[in-house]
Each structure stands twice: as C-alpha cells, then as structure tokens.
Amino acid sequence: MNNITNDSSTSMRQPTTDRRHWLFQSGMGFGGIALADLLSRNMVSCNFVSQSHANESQFVSQAGVPSRGALNPTHHKPTAKRVIYLFQSGGPSQLETWDYKPLLNEQQGKPLPDSVRNGQRLTGMSGNQAILPLAGSIFPFAQHGECGAWVSDRLPYTAKHVDKLSIIRSMYTEAINHDPAITFFQTGNQVSGRPSIGSWLNYGLGSDNENLPSFVVLITKDKKDQPLYARLWGAGFLPARYQGVQFRSGKEPVLYLNNPPGIDVASRRQMLSRLQQLHEIEQSENHDVELQSRISQYEMAFRMQASVPEVTDLSQETEATLEMYGPDVKTPGTFASNCLLARRLAEKGVKFVQLYHQGWDHHGGIPGGMKTQCKETDQPSAALLQDLEQRGLLEDTLVVWGGEFGRTNYSQGKLTATNYGRDHHPRCFTMWMAGGGVRGGTILGETCPYGYNIVDRPVHVRDFHATLLHLMGIDHERFAAKFQGLDAKLTGVEPAHVVKEMLS
C-alpha cells in the first residue's frame, strides 16, 4: 500500500479514540437527541396551509396558554375554555329535524332505488323487508335566519338561533349499532375501555375550579331507551381521577358525598387526614399511582360537600331565566333542568359537561316520538345558547348537539300516511356546534336528494374529535398518552382533520 504523504490527506486521518473518550462523545450525542425530543414536545405550534388550501385563510403561529393539566402550555391559543355536549342518545332522525328532502315526499312509498343504496349494509331489523319504502317527513320545514337554514317545525326555538350554529349535515360514522356507535363518539374507539372525551380534556388541561370536578355528567331521568354505561364517561387507561362524575337529581346529587348520620365535618376531616397518611405509607412502598388518585378524589369529595349543594340549587335563578328554559326546568333531572345546571357548572369553571338525553331510537312511531323528544329538548337547548350569550359565556363555551348516527330514508316496518319508523343509518346525519370559536350561520356538507348518501364535504367522527380538540387549544396529532407501549390518541391512528370551514 502506498504511503499517503500529502497534507490534505493527512488532515483527514481520524485520531485514535480510547473507550472513555468514545463514551463521552456518544453520551453527548444521545443526550442531544433526548433534549431535542423534549424540546420538540413543548414547541409552540405553527399551523401551515398546504398549497392545495392556498385559498383558505392562512393560519399563523399562535402561542399556547398555560393549563393545569399534562399539556402545559396548550399547543396553540384556544378559542373555547369549556364544552357542553348535548348528546341525543338513540340516533335522532335528521330527516325530521335538519335535513330537508322534498323528494322523499314526492317518492313516498316507492322502493329505495338500488342505485342509491349501492349495496350498503342494513341492520337485521329492516334488511329482510320485501321492499324498503321511501318515507318523507310528516313535518313541514321552513328556512330561518340570514343563513337560510332549513329547519323542521319541531324545532321552533332552536330555529331562532341558526345564525349562531355551524350545522354539519354530512356527518358519518362506521358503526351501525348503538353501543359501538355511542362508544365511538364518546371515546374515539368502538371497543370499550378507552378514555372519554371529557377524560382526555381533564387529563390534558386540568380543572379551573378546585372545588368541583372538571368533568361532570348529567342524564335526563326517567327516559327508557338504549342503555348508557358509566364506561362512556370513564377514564379508560388514564388515572381514575380523570373520569366523569355523575350528578343525579334529588337530595343527593353525588352518591356517598354527604357525611353519614352522626359524623360531623371535623370528624370527616380527621378521618381523611389519617387515611391520607396510610395511603402515603403504602405508596412509598408500592409506588402505585392509583393511590395518589384515590387521595385526590377523597379530598375533592370533601370540598364538594359545600360546592355541590350551592351549584345545584336552581332556586337562585330569576323567574325570567327559569321561564326561558321552559316548564320542565323546575323538575329536577329533566333535560331543561340539566341544561340550566350545565350553564351554572360552566360559570363555575367546569371544563366538560356531558348531557345525555335518551329516547331517540325511533324504529316505529316517529310522528309521536319526535313530537315528544323535540318538546323536551328544543326550548332548553335554545335557552342554553341564549343564556350563555347574554352572560358573555358563549364566545368561549363550545356547545355540541347530536347523536351516534342518523336514520334511514325508508320506513322500517309498515308505512302509512300517519305512521312510520326509521332504522339506523351511519352513512349521513346532522350535528351542530355553537360558540367557542365556531363560525355561526354555517351550513356544512350536503346529502343526496334521497337523504341516503353524502355528496359534499363528508365529516367523520375523528374529524369531529380533531376539531373539538383544536378549539380547546390542542393539536390532536400531538396529544397522546402511553398505553401498552403505544402513543394512544383520542383520534386514533387513522387520518383525522380539523374542519377549518367551521372555525371563526
């Protein structure tokens, strides 16, 4: 081998490196990688518009804001500080409420064309019918507001507020049965065991009131329909302290919160202090994170003994406010009463209020069923919007209305001039959002003239979740928690997109 003698070649020689020197250099390199990763997790979020969206408003860099949760600061500045989710369990018919389809009335009783169905799956409840007769809505529609939204006459109160709403007529989902469909909407997964939306927000953003839960659940009483399970507001694999707390109607809104007979406040305080000491001893030996959750839950329950009775006392409201919510508001546990309670909780800094109202599963008897459901929910929903607005809360409170899927354009069972039913339909349905940075007077998406397929701007459940998180200051792609060695997210691993057309 020829000897290398020129200076330039000599300068390329690698110096001899001992083991200690190599480990020092490698350690600095690994440390730099780790530091870069930590810094990247806390970088200020910058939203860029691709060339394909060049005609849209440019998103500029926005600094996040401090939070009391795991995500501190937020990825960007939020437009919503809290959420009130009016979940209409059972699947309300879009064809009797928000999606006007005059062709169905013209084609009343005729079979659903194969070219429209296009081989899409049906449930076993109507899949064996000899024909699938098209059924128009028995209720008339009219246009409302400056946006000209078509609304059924079953929703006269909400119709007055359409210019505050962003109406999504092109929602779709993947589940065709109630339990997986509701679970999908509430947790981002059709299989149970994942954290609910409220739990994710509680984990990421924390609480704004130390004396009340950050996540509260309200369920309309005495409604019989598809069952609701506590796992729908559970924390899944997150620590238990992030799960929702159900408030009930009656003298004891939260079970086991009050002191037992013969136990005064001082005794309860002493018992909790001693119990905390025992838990801390156990935690020092076993390092069980759930013990810390248990301690914090006990302390929260103690503080709630004073805060819950105050916030649930609707007698403090003016008569004008009570009248706005309708006659049911004075009956604890009704949808009207829960809507007013949701506003009071929002005022107190509760981050996520989940209202469930059952009774929308109309496989038959739609005319009577829709009259009942809309009578119970229309005026309180509209009053909630009006009440939040006049108190200056709507601009940073996101209100959501919708169910787990829609209903078919054909009748399940016998179709008559005065009666019909509708089966489950995940292919298209309607939801609306208002406040909290949502652009009011927006009508997004369109279904075909038969009301069976989406023909413009489909919005998936994951898109809905991504948009909700965005309004709360969270980038859904960067918000995760470790679970079974993976970065689990509310929006999962499939593509999800923020619905920018809805943003103000």
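The values are calculated or read from the model by the stated rules, or taken from the named source; none is laboratory data. Being a predicted model, the structure only gives us computed values, none of them experimental. We place every Cβ from the backbone using ideal geometry, glycine too, and count neighbours over all the protein chains shown.
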note = Only unsatisfied item for Gly349, checking (1) out of contact with any helix residue (DSSP H, G or I) (no Cβ under 9 Å at 6 or more places or on another chain); (2) crowded, with 24+ Cβ neighbours inside 10 Å, is (2)
task = Considering each of Arg344, Arg391 in turn, give the residue that is assigned by TED's automatic domain parsing to the domain that holds Ser137, within 20 Å of the chain's Cα centre (by Cα) and surrounded by fewer than 23 Cβ atoms within 10 Å (Cβ to Cβ).
result = Arg344
request  = Identify all residues within region 126-156 that are of a type in the set (D, E, K, R) and within 20 Å of Lys371 (Cα to Cα); write none if there are none.
outcome  = Asp153, Arg154
inquiry  = Among the residues in region 458-468, are any basic (Lys, Arg), assigned by TED's automatic domain parsing to the domain that holds Leu238 and either part of a loop (DSSP other than H, G, I, E, B) or in contact with a Lys or Arg (Cβ under 8 Å, 6 or more places away or on another chain) (or both)?
reply    = no
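Considering only residues that are part of a helix (DSSP H, G or I) and either among the acidic types (Asp, Glu) or over 18 Å from Leu385 (Cα atoms) (or both), which ones fall in region 315-344?
Ser315, Gln316, Glu319, Glu323, Asp328, Lys330
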key: Count of residues meeting criterion [among the acidic types (Asp, Glu) and surrounded by 22 or more Cβ atoms within 10 Å (Cβ to Cβ)] in region 214-248   = 0
task = Kindly list the number of the only condition in (1) crowded, with 16+ Cβ neighbours inside 10 Å; (2) at pLDDT below 95; (3) assigned to a loop (DSSP other than H, G, I, E, B) that fails for Lys251.
result = (1)
ask   = What about Gly402, is it farther than 26 Å from Thr321 by Cβ, in the same structural domain as Gly440 (by TED's automatic domain parsing) and touching a residue at least 12 places away in the same chain (Cβ under 8 Å)?
value = no
ask   = Of all residues in region 179-213, which are modelled with pLDDT under 95 and crowded, with 24+ Cβ neighbours inside 10 Å?
value = Pro213
query = Do we find that Thr408 is among the polar types (S, T, N, Q) and more than 21 Å from Gln186 (Cβ to Cβ) in this structure?
reply = yes
inquiry  = Cβ-Cβ distance below 7 Å, separation of 6 or more or different chains: which pairs start in region 162-187 with a residue that is farther than 26 Å from Gly437 by Cβ and touching a residue at least 60 places away in the same chain (Cβ under 8 Å) and end on one that is in a helix (DSSP H, G or I) and among the small types (Gly, Ala, Ser)?
reply    = Ala175/Ala181
remark   = Checked against (1) at pLDDT 95 or above; (2) among the polar types (S, T, N, Q); (3) over 18 Å from the mean Cα position of the chain (by Cα), Gln88 satisfies every condition except (3)
